[in-house]
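To start, the structure itself, in structure tokens.
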Amino acid sequence: MSQSPETLLTALRATPPLVQCITNYVAMNIAANVLLAAGASPAMVSDVEEAEEFAGIAGAVTVNIGTLSPPFVAGMRAAIRGARGAGRPWVLDPVACQATSYRREVVQALVAERPTIIRGNASEILSLAGEASRGQGVDGRDPVAAAEEGARRLARSSGAVVAVTGEVDYVIDGERAVRIEGGSPFMPMNTALGCSLTCLCGVYAAVAEDAFDAAVAALAHFAVAGAKADEGASGPGSFAPRFLDALAAVAPEALSRAAIHDAAVPA
């Protein structure tokens, strides 16, 4: 039976999950604040010496390839082993996976480890699906609609729920799909909000029975908070603190009013 976003937000606020966030250096502070505001407990544990052990006590693990290095990748692999060994969900953010051969090699190896959720912009998802993208570095320059077919194929080949984020988000598990509207045009102007959303997907995955429900709830939470923060914001600078406040202020019943629409699954 499907769990609604409001049910999942109530659950995470009642028992805040501990989420191990292996994210890039740019995003660590922002992601930690986002998770705290949402009601969860973040831990930025990435060293190979402890990442596997820590994953066994975390409710979920998130892996972000934004600032790659061999030691960082070793920590990612260790955390994934720990998560899989403990039966915990893990979420992959393939940041700029199309940019270099090293990134392509690393991300393909990580996808082979069967992530629970993959969250990326349209350019990243197109690249993971083996299609050409217009992405340049971390910037997604393709529309979400262009990645929907690739997202379906990626979901079916990887076994992951795929969340493609942009102006209108798209979530698919290969059999079910929805679009989520909301947010603010100031969100792409604030660094690491996408990375933070990946961490929030881990939060919801830690409390959800179904990864599809978890991804939808995380994106709905961001969309509702972004729209609220947009009210009265004069630019990206004033938007940022408003967004943290809005994340914390979102009540479970507000998610029942999120603009979530069933979408056709590409044939």
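What are the equivalent ellipsoid semi-axes of the stretch 171-267, built from the alpha-carbon gyration tensor (square roots of five times its eigenvalues), in whole angstrom, biggest first?
Values for the stretch 171-267, descending: 24, 14, 13 Å.
In the stretch 5-262, with Lys and Arg counted as +1 and Asp and Glu as -1 at Cβ, which of these residues, Met189, Cys97, Thr10, has the Cα nearest the positive end of the dipole, that is, farthest along it?
It is Cys97.
Calculate the FRET efficiency for Thr15 and Met44 from the Cβ-Cβ distance with a Förster distance of 30 Å, rounded to the nearest 0.05.
It comes to 0.90.
Per DSSP H run of n ≥ 4, the term is -39500 (n - 2.57); total these for the chain, divide by its residue number, and report the mean residue ellipticity at 222 nm rounded to 500 deg cm²/dmol.
Dividing the helical sum by the residues of the chain leaves -15000 deg cm²/dmol.
Only residues of the stretch 55-76 count here: report those whose backbone N is under 18 Å from the spot 7 Å along Cα→Cβ of Tyr25, or say none.
Once the point is set 7 Å along Cα→Cβ of Tyr25, 64-76 turn out to lie under 18 Å by backbone N, inside the stretch 55-76.
Placing unit charges on C-beta atoms (Lys and Arg positive, Asp and Glu negative, everything else neutral), compute the dipole magnitude of the stretch 5-262 about its Cα centre in debye, rounded to 20.
Computed charge dipole of the stretch 5-262: roughly 260 debye.
Given bins 5 angstrom wide, list per bin the percent of all Cα-Cα distances in the chain, short to long.
1, 7, 15, 20, 21, 18, 12, 5, 1, 0
So how far apart, in nm, are the two label points at Thr191 and Glu149 if each is 7 Å from Cα heading toward Cβ?
3.7 nm
Using 0.36 nm times the number of residues separating Glu253 and Glu175, minus their current alpha carbon distance, what extension gain do you get?
25.4 nm
What ranking, highest mean first, results for peptides 51-64, 213-226 when packing means the other Cβ atoms within 10 Å averaged over each residue?
Answer by packing, highest mean first, reads 213-226, 51-64.
Run a plain Debye calculation on the stretch 132-224 (Cα atoms as equal point scatterers, no solvent) and give log10 I(q)/I(0) at q = 0.23 Å⁻¹, rounded to two decimals, same order as the q list.
So the normalised log intensities are -1.33.
Within the stretch 152-175, what residues put their amide N at less than 20 Å from the label point 7 Å along the Cα-to-Cβ vector of Ala264?
152-156, 164, 168-175
Since every read-out is calculated from the coordinates, none of them should be taken as a lab result. Since the model is a prediction, treat every value here as computed from it, not as a measurement. Don't worry about glycine lacking a Cβ; one is built from the backbone with ideal geometry, like all the others, and counts go over all protein chains shown.
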